[in-house]
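A short write-up of the structure that comes next.
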């Protein structure tokens with residue numbers, strides 16, 4: 001049975017657990033596949049369940065000693081945001097961001113091919129979208145495609161990229177797996193805690209600071 005709740009009591013600010021984390025919360029901005037701030041994002045911060053934040057802290061520590069910092073694009077995503085995605089896909093004719101995020105697909109295909117879920121694991125609070133930042137160069141590690149680029153090139157096992165780009169993906173994936181996160185087959189940046197505390201619960205409180213400071 002699926003439960004929906006506004007209870008945020010077991011969620012934390014990721015930055016409180018991982019001070020070195022970099023946050024670029026795309027759905028708080030207008031630079032995303034829709035082109036507007038997404039419903040439910042009231043602050044540019046990453047929230048996760050305590051269990052997911054603790055596991056991610058392990059990854060951060062391992063990466064930091066190797067010269068990298070974690071950069072988060074999205075973490076907890078309220079169900080109101082998912083509803084915004086669905087309504088955009090069904091009713092909205094706006095495709096202004098198509099050249100940047102889904103140049104080879106029609107909007108409706110984004111759902112059919114699994115790039116946008118009608119019920120997102122992000123709403124269970126233990127899923128994170130992230131990449132690595134190289135502290136030597138100050139730049140993101142080259143993963144072969146940008147975040148939220150909806151195409152086959154973004155599949156983790158896609159072989160049409162350079163050896164270095166593929167190795168970078170596996171470097172991130174292996175570190176996340178060691179900490180107990182699982183990847184998915186269509187997005188190199190997406191990971192869910194295998195032993196997530198709320199596998200059947202979807203949360204709808206907003207991404208905000210007011211309940212966490």
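Values quoted throughout were computed directly from the atomic coordinates according to the rules given, and no laboratory measurement underlies them. Predicted model only: the values in this text are computed from it and were never measured. As a convention, Cβ positions derive from the backbone with ideal geometry for all residues, glycine included, and neighbour counts pool all protein chains shown.
Tabulated data for the structure shown
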| item | result |
| --- | --- |
| 12 Å cut-off, amide nitrogen to a point 7 angstrom out along residue 164 Cα→Cβ, residues in the range 116-147 | 141-144 |
| Within the range 109-145: backbone nitrogen closer than 18 Å to the residue 95 label point (7 Å, Cα to C-beta) | 109-116 |
| Shape category assigned to the range 3-203 from the gyration tensor of Cα positions, a/c cut at 1.5 | oblate |
| Most fluctuating residue given options 14, 65, 82, as computed from a GNM of the chain linking Cα atoms under 10 Å | 65 |
| Ranked 141, 207, criterion: other C-beta atoms within 10 Å, fewest first | 141, 207 |
| Fraction of beta bridges assigned by DSSP in the range 3-203 that are antiparallel (%, nearest 5) | 75 |
| Contour minus Cα-Cα distance for residue 111 and residue 134 (0.36 nm per residue) | 5.0 nm |
| For the range 176-213 and the range 17-74, distance of Cα centres in Å | 11 |
| Residue 104 versus residue 6: modelled label distance in nm, points set 7 Å from Cα along the beta carbon direction | 4.4 |
| Prolate/oblate/rounded label for the range 1-104 (Cα gyration tensor, a/c 1.5) | oblate |
| Top of 138, 89, 40 by mean-square fluctuation, Gaussian network on the chain, Cα under 10 Å | 138 |
| Gaussian network model of the chain, springs between alpha carbon atoms under 10 Å - residue of 136, 79, 192 with greatest fluctuation | 136 |
| Ranking of 37, 124, 54, 96 by count of other Cβ atoms within 10 Å, fewest first | 96, 54, 37, 124 |
| Residue order, fewest to most beta carbons within 10 Å, for 13, 193 | 13, 193 |
| Relative contact order (%) - criterion: Cα under 8 Å, at least six apart; region: the chain | 30 |
